[in-house]
Amino acid sequence: QRPAGRPLDRRHLQRLSRMLKTAIDRPVAISAFANGHLPPERYAAFWRDTMQEAEIDLLLFQDGVGANKLTPVEAGRYAAALAREVGHANRQFGVIIEQFGQRPAAGSEGPPAFDPAPPARVRQQLDATAALADIRRIAFTVTDYLLPENGDRRLLDALHADLDACR
C-alpha cells in the first residue's frame, strides 16, 4: 500500500467504525494479511495507529501461509509484533490459521486451486504463535478443508489425534 493512500484509508475506516458502533452498538473487527513487504515491526505499528484512530476493537491477522505469502516462521514474527502493538493499544488480537494449501492452476490460465493443508504444516503454524498469550486462533476454513466429505481426511484425523491426546 502506498503511504499516500494510508490517511484516506484511515479516515474511511474511522467513519465506518463509528457508523457501525452507532448503528449496532457492537465491537468492530477487521481482518488483515501481510505479503512480507514491510518488516513486522513497521506493519504492526501501522495497525496499532490505524486501530486507535479508527476505533477498531479486534484485529484478525490471516497468517498467509496457505496462500504462500509467508512461511509459518515469518507469520509468527508478524503475529508477535502485532500482538505487542495491539496490546499497547488496548485492543484485541487474533490469528487466522489458513487450513489450506494453494497450488498453481492447471495450465497457464485460470484461478489457483486449493487443497487441505498437510497436518504437519498446520502444526508449524500453531507452534509459530504458541507463545502468544491471550489471543484468538481461528481456523480458516473448516467447512472447506476440514470436513471429511471433501475427500482428504488427513487434517481432520490429525485434529482428532490431538484432541484424543489432550483427554
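The values are calculated or read from the model by the stated rules, or taken from the named source; none is laboratory data. Predicted, not measured: the structure shown is a model, and the values here were computed from it. Every residue, glycine as well, gets a Cβ built from its backbone with ideal geometry; the counts of neighbours run over all protein chains shown. Surface accessibility is based on the protein's heavy atoms, side chains included, excluding ligands, DNA and RNA. Shrake-Rupley method; radii C 1.70, N 1.55, O 1.52, S 1.80 Å.
So that you can scan it fast, the table gives a plain yes or no per residue for (1) assigned to a helix (DSSP H, G or I); (2) free of Cβ contacts under 8 Å to residues at least 12 places away in the same chain:
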| position | (1), (2) |
| --- | --- |
| ARG15 | yes, yes |
| PRO27 | no, no |
| HIS37 | no, yes |
| ALA44 | yes, no |
| ILE56 | no, no |
| GLY64 | no, no |
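One residue alone among GLY110, GLY76, GLY87, GLY94 is without any contact (Cβ under 8 Å) to a residue 24 or more places away in the chain, of a type outside the set (Lys, Arg), more than 22 Å from ARG154 (Cα to Cα) and not in a loop (DSSP other than H, G, I, E, B), and that residue is GLY87.
Of all residues in region 119-153, those satisfying the criterion of being open to solvent by 40 Å² or more (accessible area, probe 1.4 Å), in a helix (DSSP H, G or I) and modelled with pLDDT under 70 are VAL142, THR143, ASP144, PRO148, GLU149, ASN150.
Open to solvent by less than 40 Å² (accessible area, probe 1.4 Å), modelled with pLDDT of 85 or more, out of contact with any helix residue (DSSP H, G or I) (no Cβ under 8 Å at 6 or more places or on another chain) and of a type in the set (A, V, I, L, M, F, W, C) - does that describe any residue in region 91-101? For region 91-101, residues open to solvent by less than 40 Å² (accessible area, probe 1.4 Å), modelled with pLDDT of 85 or more, out of contact with any helix residue (DSSP H, G or I) (no Cβ under 8 Å at 6 or more places or on another chain) and of a type in the set (A, V, I, L, M, F, W, C): present.
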